[in-house]
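Note sheet for the following structure.
The values are calculated or read from the model by the stated rules, or taken from the named source; none is laboratory data. Keep in mind that this is a model prediction, so the values were computed, not measured. Every residue, glycine among them, receives a Cβ derived from its backbone with ideal geometry; neighbour counts consider all protein chains shown.
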Amino acid sequence: MNSLFKQVTVALNFPTVISKFIVFAKAILLAMTNNPNFKDSSAKVTKLGADIMVLDNAETACKTKPPTGTIEARNAALQAVKSDLKSLRNDVQEAADADPENALAIIASANMSVKNSATHLKQQNAAEVGIEDGTLVLTGEGAGAHEWRVSTDGIVWTYVTPSYTSKTIATDLISNTNYYCQNRKMLRRNKKGEWSQSILIRTR
């Protein structure tokens, strides 16, 4: 008996604040660099990295006193990065369509999200550096039980003990290391929500 899988659509939820957009773009860059799911996208990923650097420098130049760069140059660099990300989104969509059984995992490995009926109530999660070294305080949207997972590469995930509330503490993590953090709600009748979009944070 063949299993039927609903087609999912890859979404890019661009932050409107430039500094947050740069962090968002860097997270996708990190996730897609040397990612085995996107071997044919290496040239695009390299271009994204170069364009992010230009945008980062342009944004810094706009904020110096006095400014050493122009808003026009910064905006042009911003559009270049957005174009790169949209092109990569198409590659992620193609990979997800080719392997529908693993589509959600493929999309998550690129640090992108899914556009579906649940997107309108998009889960917003948060992560903060914990008081102790190698700990993170994780928060998920909505009351009730949540599942949690963390990853250093966005591909291989380590599951944190589920909680009965919307907050937990991930412990025993590697110090001074970047982690992707995701959560999903545990629903009634053993059903579970979609994994939230990753938050990238560095441990103490």
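Some observations on this one:
- Residues that are more than 27 Å from Asn37 (Cα to Cα), surrounded by fewer than 16 Cβ atoms within 10 Å (Cβ to Cβ) and of a type outside the set (A, V, I, L, M, F, W, C) occur in the stretch 108-121; there is at least one.
- Within the stretch 153-166, restricting attention to residues that are surrounded by 16 or more Cβ atoms within 10 Å (Cβ to Cβ) and under 18 Å from Gly130 (Cα atoms), the residue that is farthest from the chain's Cα centre (by Cα) is Ser163.
- Some residue of the stretch 67-82 being surrounded by 13 or more Cβ atoms within 10 Å (Cβ to Cβ), under 30 Å from Arg184 (Cα atoms), not aliphatic (A, V, I, L, M) and not assigned by TED's automatic domain parsing to the domain that holds Gln197: yes
- Among the residues listed as Phe24, Phe38, the single one being of a type in the set (A, V, I, L, M, F, W, C), surrounded by 17 or more Cβ atoms within 10 Å (Cβ to Cβ) and without any contact (Cβ under 8 Å) to a residue 12 or more places away in the chain: Phe24
- Boolean, Asp133 is among the acidic types (Asp, Glu), surrounded by 14 or more Cβ atoms within 10 Å (Cβ to Cβ) and out of contact with any His (no Cβ under 8 Å at 6 or more places or on another chain): no
- Sole residue being modelled with pLDDT of 95 or more and in contact with a helix residue (DSSP H, G or I) (Cβ under 9 Å, 6 or more places away or on another chain), chosen from Ala11, Ala43, Ala31, Ala58: Ala58
- Residue check for Val17: exposed (fewer than 12 other Cβ atoms within 10 Å of the Cβ), of a type in the set (A, V, I, L, M, F, W, C) and farther than 23 Å from Pro100 by Cβ: yes
Listed here are the residues, each with its yes/no results for (1) at pLDDT 90 or above; (2) more than 21 Å from Ala27 (Cα to Cα); (3) in the same structural domain as Tyr159 (by TED's automatic domain parsing).
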residue	(1), (2), (3)
Asp91	yes, no, no
Ala98	no, yes, no
Glu101	no, yes, no
Leu104	no, no, no
Ala108	no, no, no
Ile131	no, yes, yes
Gly134	yes, no, yes
Leu138	yes, no, yes
Gly142	no, yes, yes
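- Leading residue by the ranking (nearest to the chain's Cα centre (by Cα)) among those in the stretch 167-192 that are among the polar types (S, T, N, Q), farther than 14 Å from Val129 by Cβ and modelled with pLDDT of 90 or more: Gln182
- Unmet criterion (only one of (1) over 20 Å from Ser198 (Cβ atoms); (2) modelled with pLDDT under 95) for Val17: (1)
- Those residues of the stretch 126-175 which are in contact with a helix residue (DSSP H, G or I) (Cβ under 6 Å, 6 or more places away or on another chain) and among the basic types (Lys, Arg), in sequence order: none
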